[in-house]
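The values are calculated or read from the model by the stated rules, or taken from the named source; none is laboratory data. These figures come from a predicted structure and were not determined experimentally. All Cβ positions, glycine included, derive from the backbone under ideal geometry; neighbour counts span all protein chains shown.
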Amino acid sequence: MKKKKNLLVLALLLWTISGYAAKVDTLLVKSPAMNKNVEVVVVVPDAGLGKKATACPVIYLLHGYGGNAKTWIQLKRNLPQIADEKGIIFVCPDGKNSWYWDSPKDPAYRYETFISSELVNYIDGHYKTVADRKGRAITGLSMGGHGAMWNALRHKDTFGGAGSTSGGVDIRPFPLNWEMAKQLGEFASNKKQWDEYTVINQLDKIENGDLAIIVDCGESDFFLNVNKDLHNSLLARKIGHDFITRPGGHTSDYWNNSIDYQILFFDKFFRK
């Protein structure tokens, strides 16, 4: 009898723990702009679940080239634990190899519209969120760093915080890489378009204080110089931001570490 009682207590304990742990949803979110469903992974803290749920801020995490909706949950295995500790919802969409633009060449790629409008509206409509730019940040790695900054700079009414880790924040030095020509056309015959679709040339859309910005890159990363250029451009415009370089390359080990600092940065922004 005692053994059965102990098993019952253990079962109840496990049920209680599971009942208050972060929830990981894998969704298909309809994009009217692209007329297709987009896979999205959403990590919801226990604070945002149930009848007594409180409104939680949201960080949108964008993957890099060759990644998918599951990239961040696989890279950062303790993301559900962080969600619970901070009371933050994490949203990880599949951006294909889109660079998160609305492509001027291919109407099937309208990921700026999806990320900054359709997805935000869906998340706010289906989860208990702080449905305001003060409770919304976006960041990403590599291609996703470019995508996060691109969307935030162009939609400061939607996002209050913007970040990039190892981001391709100026695409022009890499005209033959990562399928960008599929979205913009070949560099040699479309230089004006490449100028217009790179993050570093979007800074005129913001003023100091419009966004809480954090940018970091590893000292051995092939994107280091373009990140330093972005930092210097922000300085020249007197736009406040955090800029960090640390040892490391364009690797999962670097991103696993760097995202912790970015989450702390956004958590501080949310609590202001």
Problem set entry | Cβ-Cβ under 8 Å pairs, at least 6 apart or on other chains, the stretch 171-183 side free of Cβ contacts under 8 Å to residues at least 40 places away in the same chain, far side part of a loop (DSSP other than H, G, I, E, B) and surrounded by 15 or more Cβ atoms within 10 Å (Cβ to Cβ) | R172/T198; F174/G168; A181/P175
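Can you find a residue that is assigned to a helix (DSSP H, G or I), β-branched (V, I, T) and closer than 15 Å to G145 by Cα anywhere in the stretch 177-198?
Keep residues of the stretch 177-198 that are assigned to a helix (DSSP H, G or I), which gives 180-184, 187-189, 191-196.
Right, trim to β-branched (V, I, T) and you get none.
No, that holds for no residue.
Residues Q81, Q74: which one is without any contact (Cβ under 8 Å) to a residue 24 or more places away in the chain and of a type in the set (S, T, N, Q)? So that I can check it myself, show each step before the final result.
On the way: Q81 fails: without any contact (Cβ under 8 Å) to a residue 24 or more places away in the chain.
Going through Q81, Q74 in turn, just one is without any contact (Cβ under 8 Å) to a residue 24 or more places away in the chain and of a type in the set (S, T, N, Q): Q74.
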Problem set entry | Total residues in the stretch 48-90, condition modelled with pLDDT under 95 and surrounded by 21 or more Cβ atoms within 10 Å (Cβ to Cβ) | 1
Exercise. Got a sec? Which of K156, K205, K105 is over 30 Å from I244 (Cβ atoms) and of a type outside the set (G, A, S)?
Worked result: K105
Exercise. Residues in the stretch 199-228 that are farther than 18 Å from K156 by Cβ and not in a helix (DSSP H, G or I): how many?
Worked result: 8
Problem set entry | Lone qualifier among G163, G167 - being in a loop (DSSP other than H, G, I, E, B), small (G, A, S) and crowded, with 18+ Cβ neighbours inside 10 Å | G167
Problem set entry | Residue, nearest to A181 (Cα to Cα), within the stretch 100-136, restricted to residues that are in a loop (DSSP other than H, G, I, E, B) and modelled with pLDDT of 95 or more | Y100
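Of all residues in the stretch 223-272 being among the aliphatic types (A, V, I, L, M), within 20 Å of the chain's Cα centre (by Cα) and surrounded by fewer than 18 Cβ atoms within 10 Å (Cβ to Cβ), which is farthest from G168 (Cα to Cα)?
To start, the set of residues in the stretch 223-272 that are among the aliphatic types (A, V, I, L, M) comprises 224, 226, 230, 234-236, 239, 244, 259, 263-264.
Then drop every residue that is not within 20 Å of the chain's Cα centre (by Cα), which leaves 224, 226, 230, 244, 259, 263-264.
Add one more test, that the residue is surrounded by fewer than 18 Cβ atoms within 10 Å (Cβ to Cβ), and what stays is 224, 244, 264.
On the way: L224: 9, I244: 15, L264: 22 Å.
Ranking the qualifying residues of the stretch 223-272, first place goes to L264.
When you look at A55, is it small (G, A, S), over 27 Å from K191 (Cβ atoms) and within 13 Å of the chain's Cα centre (by Cα), yes or no? Break it down into steps so the answer makes sense when it comes.
Details: small (G, A, S): yes; over 27 Å from K191 (Cβ atoms): yes; within 13 Å of the chain's Cα centre (by Cα): no.
Taking the combined requirement at face value, the residue does not satisfy it.
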For this session: With the checklist (1) in a helix (DSSP H, G or I); (2) of a type in the set (S, T, Y); (3) crowded, with 19+ Cβ neighbours inside 10 Å in hand, flag the one item T139 doesn't pass.
Result: (1)
